[in-house]
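**Q** Sharing a structure here in structure tokens format.
The values are calculated or read from the model by the stated rules, or taken from the named source; none is laboratory data. The model shown is predicted, which means the values in this text are computed figures rather than measured ones. Backbone-built Cβ (ideal geometry, glycine too); neighbour counts: all protein chains shown. Surface areas here come from the heavy atoms of the whole protein model, side chains and all, with no ligands, DNA or RNA. Shrake-Rupley method; radii C 1.70, N 1.55, O 1.52, S 1.80 Å.
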2 protein chains.
Amino acid sequence: METTKFTLTEQEIPTSWYNILPDLPEPMPPVLHPATGKPVVPDDLAPIFPMELIMQEMSPEQYIEIPEEIQNIYRLWRPTPLFRAHRLEKALDTPAKIFYKYEGVSPMGSHKGNTAVAQAYYNKQEGTKRIATETGAGQWGSALSFGCNCFGLECKVYMVRISYDQKPYRRIAMETWGATCVPSPSKDTEAGRAILAQDPDTSGSLGIAISEAVEDAAKREDTKYSLGSVLNHVLLHQTVEGLEAKKQLEKADAYPDVIIGCVGGGSNFGGVLIPFIPDKLAGRKVRIICTEPESCPTMTRGPYAYDHGDVAGLTPLIKMYTLGHTFVPPPVHAGGLRYHGMSPIISHLHHLGLIEAAAVHQVAAFKSAITFARTEGIIPAPEPAHAIKIVIDEALACKESGEQKTILLALSGHGHFDLAAYDAYLSGKLIDYAYPGDKIEEALSHLPTVPVA
Amino acid sequence: METTKFTLTEQEIPTSWYNILPDLPEPMPPVLHPATGKPVVPDDLAPIFPMELIMQEMSPEQYIEIPEEIQNIYRLWRPTPLFRAHRLEKALDTPAKIFYKYEGVSPMGSHKGNTAVAQAYYNKQEGTKRIATETGAGQWGSALSFGCNCFGLECKVYMVRISYDQKPYRRIAMETWGATCVPSPSKDTEAGRAILAQDPDTSGSLGIAISEAVEDAAKREDTKYSLGSVLNHVLLHQTVEGLEAKKQLEKADAYPDVIIGCVGGGSNFGGVLIPFIPDKLAGRKVRIICTEPESCPTMTRGPYAYDHGDVAGLTPLIKMYTLGHTFVPPPVHAGGLRYHGMSPIISHLHHLGLIEAAAVHQVAAFKSAITFARTEGIIPAPEPAHAIKIVIDEALACKESGEQKTILLALSGHGHFDLAAYDAYLSGKLIDYAYPGDKIEEALSHLPTVPVA
């Protein structure tokens, strides 16, 4: 039998992140100040982010060195394994070669730590004592709690109330790592108190939680704000995944014909696919496919337009695929994919025709995840289950055509925190939501007008 | 900074398990037939175990080759990492060097897969179609479900009812891997029906679940029974852990002065410590310390005596440390340590003075686990939390004495399934149970009489 797992030595862990910005065939549209319509400058962002992260957001450098202190923490779970999915291939009877890059071996069980540790480090360097953030189902909140704990920073997480009540495990993980987690809306901010006064029983939303975290950071001298996806510096930190995967594929004497991952804000898949873009620009044939839920079809149905990153409309205007910042997606189990917008880098690459997108219903995603668990052994998180559906489709197409394609799957994490969703699927209770066309149309009618600079 | 993680190449994964039996300075007391008092022979065990596992139970061979098919599955998570706990050492301000061997990167989040895969393989080889087993909190049941799925065997798990109701996540993992899991007592066996007729609302016990699984296997031609700890062949399969750890420590240019792990049935720690026993017998100074709950203090308070492995008294008589087979431990969160007996190999080694034992209260164990999570980043399962308490004690003793001891910790798994226990600790609700002396005395009064052969 051929080799199944491709490992790297500690010396082979990347020591720099790869920054795609200088290599883009066209520059990205600027991020705009919502009041003036002018491109934002570093000083606009300084109240809520440390300067090093702001500079990374706009950096012209191809490679940015990973500080030794961050590398030391990365070594707890990096290099993550790249597997050849021999058993899945056999079950599908496909000539395709399927590889997957697996981030579930980290202490938080997902890829989120790659940027959480970096963000905590740069904040620490610049004297931040405390970081505020929001979290939906808790994956990002727990990763940032871990990161802050590594560098002795306080961490305050505003967690959407319905998840806080229904999914206590990630909240407990945050507390285990020493963070403070409150249900949002909370009494700790003006935004939270105003909403509670109106509707004391609200289940909360990511938009409200962002408002609370940003207010917290803006009001306190010792506190900065942190975001777990979407932004350029977040994807930059995640490129450690793709850089490792390239080296590992070399050891497997393979190069992907197709790269498939899931996108919510785009940080896991962005981190995997970005290091392959220069090859594609140099003429290498490689298809790159983003997968998303049918009920939150940002890339497949949304326009490429300027919009806010948050529901309340507080953030700068970003050019991205969007369903409208007031759109609230149906409660699919893949909480990490329930976002109205998309990373501007991924949006730009799609706009340039470098990557494709596909939408998947959750029942089909979980069916594929079960196939994966029963062949490869790993129980995937609900988010990458969407990507697995498309991987299986591609592999079965290879069976039809006889093509021996090499497929790379970005497997962002394990599903140990999400087994209730598997229970719903296995007991036949999982449902698909109809395409929320009316709600999307309504939300798109509220796209912000871009002021003339 | 020094290296943190010590990896092995795929070529360095052990290809044989190490069998301690021929190297013991005194042979182990025989396992006795409960009716005749005579040593059991392979044919006595043939109705419930495949012959290869029975032969491994009594093998005179020092090394037993790991079949290629098992190695292929092991590669999904093996070699597991050995870490140097730099951040924990720094937090404790100790001159001790602490290493830990971490099994939480496996698909089931613990070490149990190492034997589950092997047992499923040998059953498959001998024509078994279906395996029945019992599980408490579900760690073993989920691992065996995984193992059976790898080789296309059906798996039926009898899960103690109170855990089935209160801890659904591992039950869902079993079903995700294709197993059938029923609450025990169930209507599927005579033993289960009899108990339900007497007490329809019983919360069940491991003893009842064993009776059901053994009955299931004994009654069906296509079915065998499987046990996840205690037995010699189970510890044999787990030696892959200790064999890897020795190679990794060599790369770290280190050899342990102290090896510390937790013991329920003894399979994780047995697997780690056994490969170090030959060195100790050859004169190398190494302390080996088993840790257990104060409320289930088998090694520290129990006699070394012949007893049954199950509560119902169906199994052969094994010479081991025991609290009496009718003893039901208090409901501590470390479900994997709630066992009245102990692996006969570990018992024998302790009786020979080769290993020591220490008991720990659960509040102290969780306090240590929080220290570990906040320094090393990994949230430990409640079971190895007990070992971490003793590791910290040893490291602090080194601080007092100035000794630069090397400590090896066996970290059997992550605590992602056990966060409710962390919640109880963090909210001040976790309690310690008093030493259950009266219940132990009562249970010891029911130790079986060994028939004269």
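**Q** Could you work out the equivalent-ellipsoid semi-axes for the range B:128-178, taking the square root of 5 times each eigenvalue of the Cα gyration tensor, largest first, in whole Å?
**A** For the range B:128-178, the semi-axes come out at 19, 10, 7 Å.
**Q** Taking a probe of 1.4 Å and counting only protein heavy atoms, give the total accessible area buried between chains A and B in Å², rounded to the nearest 100.
**A** 4100
**Q** At 7 Å along Cα-to-Cβ for each site, give me the label-to-label distance between A:Gln198 and A:Gln11 in nm.
**A** Label at A:Gln198, label at A:Gln11, 6.0 nm between them.
**Q** Among B:Ser106, B:Gln62, B:Pro42, flag the residue with its Cα farthest along the positive direction of the charge dipole of the range B:42-108, charges on Cβ as +1 for Lys/Arg and -1 for Asp/Glu.
**A** Positive-most Cα among the choices belongs to B:Ser106.
**Q** Let me ask something else about it. Using only the alpha-carbon atoms of the range B:275-411 as identical scatterers, what base-10 log of I(q)/I(0) does the Debye formula give at q = 0.09, 0.12, 0.15 Å⁻¹?
**A** Once normalised to I(0) and log-transformed, intensities are -0.31, -0.54, -0.82.
**Q** Any idea how far apart B:Met55 and A:Asp393 come out in nm if each label point goes 7 Å out from Cα toward Cβ?
**A** Taking the simple label geometry, B:Met55 and A:Asp393 are separated by 5.0 nm.
**Q** Defining a contact as two alpha carbons under 8 Å apart and six or more residues distant in sequence, what relative contact order in percent does chain B show?
**A** Once divided by the residue count of chain B, the mean separation gives 19 percent.
**Q** Based only on the alpha carbon positions, what is the Kirkwood hydrodynamic radius of chain A, in angstrom?
**A** 21.9
**Q** Over the whole of A:5-17, what's the average partner chain Cβ count within 10 Å per residue? Rounded to a whole number, please.
**A** Values: counts 8, 1, 6, 1, 2, 5, 1, 0, 1, 0, 0, 0, 0.
Mean partner shielding for this stretch: 2.
**Q** Here is a follow-up. Quick one: with all protein chains in place, what share of the accessible area of the range B:1-150 is carbon or sulfur, to the nearest percent (1.4 Å probe)?
**A** For the range B:1-150, the apolar C and S fraction of the accessible surface comes to 52 percent.
**Q** Quick check on the range B:298-341: what does the Kirkwood estimate of hydrodynamic radius come out to from the alpha carbon pairs, in Å?
**A** Numbers: mean 1/r = 0.0935 Å⁻¹.
The Cα-based Kirkwood calculation yields 10.7 Å.
**Q** Restricting things to Cα coordinates, could you compute the convex hull volume per residue of the range B:413-453 in Å³?
**A** Here the figure is 136 Å³ per residue.
**Q** Between A:Ala254 and A:Ala420, what FRET efficiency follows from the Cβ-Cβ distance if R0 is 25 Å, with the result rounded to 0.05?
**A** Details: r = 36 Å, r/R0 = 1.45.
It comes out at approximately 0.10.
**Q** Still on this model: If we hang a label 7 Å off Cα along the beta carbon direction at A:Arg284, how far is it from the matching labels on the other copies, in nm, shortest first?
**A** Spelled out, the distances from A:Arg284's label point are 4.5 nm.
**Q** Given the C-alpha centroids of the range A:267-325 and the range B:17-59, what is the distance between them in whole angstrom?
**A** Centre-to-centre distance over Cα atoms comes out at 61 Å.
**Q** Of B:Lys90/B:Lys389; A:Lys224/B:Lys367; B:Lys246/B:Lys405; A:Lys112/B:Lys167; A:Lys5/B:Lys5; B:Lys187/B:Lys439, which sit over 20 Å apart, Cα to Cα?
**A** Numbers: B:Lys90/B:Lys389 16 Å; A:Lys224/B:Lys367 30 Å; B:Lys246/B:Lys405 17 Å; A:Lys112/B:Lys167 27 Å; A:Lys5/B:Lys5 18 Å; B:Lys187/B:Lys439 30 Å.
Where the Cα-Cα span goes over 20 Å, the pairs concerned are A:Lys224/B:Lys367; A:Lys112/B:Lys167; B:Lys187/B:Lys439.
**Q** Using the 7 Å Cα-to-Cβ label point, sort the distances from A:Ser203 to its equivalents in the other copies shortest first and give them in nm to one decimal.
**A** Ordered by distance, the counterparts are at 3.2 nm.
**Q** While we're here: Which three numbers, in whole Å and largest first, are the semi-axes of the equivalent ellipsoid of the protein assembly as shown derived from its Cα gyration tensor as √(5λ)?
**A** 48, 28, 27
**Q** For peptide A:416-423, compute the average count of partner chain beta-carbon atoms within 10 Å of each residue's beta-carbon.
**A** Mean partner shielding for this stretch: 5.
**Q** If you place +1 on the Cβ of every Lys and Arg, -1 on the Cβ of every Asp and Glu, and leave all else neutral, what size is the dipole of chain B about its Cα centre, to the nearest 20 Debye?
**A** 780
**Q** Would you kindly state how much longer the chain becomes between A:Arg284 and A:Glu126 on full extension, computed as 0.36 nm times their sequence separation minus their alpha carbon distance, in nm to one decimal?
**A** Length gained between A:Arg284 and A:Glu126: 52.8 nm.
**Q** Can you tell me the FRET efficiency between B:Glu26 and B:Thr449 if r is taken as the Cβ-Cβ distance and R0 is 30 Å, rounded to the nearest 0.05?
**A** 0.75
**Q** Then there's this: Can you work out the Karplus-derived ³J(HN,Hα) for every residue in the range A:76-86? Use 6.51 cos²θ - 1.76 cosθ + 1.60 with θ = phi - 60°, whole Hz, and x for glycine or proline.
**A** Here the 3J(HN,Hα) series is 4, 10, 9, x, 7, x, 10, 10, 8, 8, 4 Hz.
**Q** Okay, next question. Report the Cα-based extents of the range B:126-245 along its three principal axes, largest first, to the nearest Å.
**A** Rounded to whole Å, the extents work out to 49, 32, 27 Å.
**Q** Could you tell me the largest-minus-smallest coordinate of the C-alpha atoms of the range B:346-453 on each of the three principal axes, in descending order and whole angstroms?
**A** Largest to smallest, the principal-axis extents are 55, 37, 24 Å.
**Q** Taking Cα atoms of the range A:305-382, Rg/Rh with Kirkwood Rh, to two decimals?
**A** 1.07
**Q** Oh, and also: Go from 0 up to the bin containing the longest alpha carbon distance in the range B:58-135, width 10 Å each, and give me the % of pairs per bin.
**A** Reading the bins upward from 0: 14, 32, 29, 15, 8, 1.
**Q** With +1 on each Lys and Arg Cβ and -1 on each Asp and Glu Cβ, how big is the dipole of the range A:58-158 about its Cα centre, in debye rounded to the nearest 20?
**A** About 360 debye.
**Q** Suppose you put the label 7 Å out from Cα in the Cβ direction; list, shortest first and in nm with one decimal, how far B:Lys129 is from each other copy's label.
**A** Relative to the other copies, B:Lys129 has label-point distances of 7.0 nm.
**Q** Can you give me the pair-distance distribution of the range B:139-205, C-alpha pairs, 10 Å bins, whole percents?
**A** 24, 46, 27, 4
**Q** For the range B:1-83, what relative contact order do you get, as a whole percent, if you take Cα pairs closer than 8 Å and at least 6 residues apart? Don't skip to the end; give the middle numbers.
**A** On the way: 65 pairs, mean separation 42.8, N = 83.
Across the range B:1-83, relative contact order equals 52 percent.
**Q** List the residues of the range B:187-218 whose backbone N lies under 20 Å from a point placed 7 Å from the Cα of B:Tyr433 along the Cα-to-Cβ direction.
**A** Only B:202-211 fall inside the zone, counting backbone N under 20 Å.
**Q** Right, here's the next one. With a cap of 15 neighbouring Cβ atoms within 10 Å, and only residues DSSP puts in a loop, list the GluC sites (Glu not before Pro) found in the range B:350-453.
**A** B:Glu403
**Q** Next question, about the same structure. Return the residues of the range B:128-164 for which accessible area with all protein chains present is lower than in the chain on its own by 40 Å² or more; set the probe to 1.4 Å and exclude ligands, DNA and RNA.
**A** When all protein chains are present, B:Asn149 each give up 40 Å² or more of accessible surface.
**Q** In chain B, which cysteines lack any other cysteine Cβ under 4.7 Å from their own?
**A** Result for chain B is B:Cys150, B:Cys181, B:Cys262, B:Cys290, B:Cys296, B:Cys398, no neighbouring Cys Cβ within the cutoff.
**Q** Just want to confirm a number: the relative contact order over the range B:344-453, from Cα pairs under 8 angstrom separated by 6+ residues, in percent.
**A** Dividing the mean separation by the residue count of the range B:344-453 yields 26 percent.
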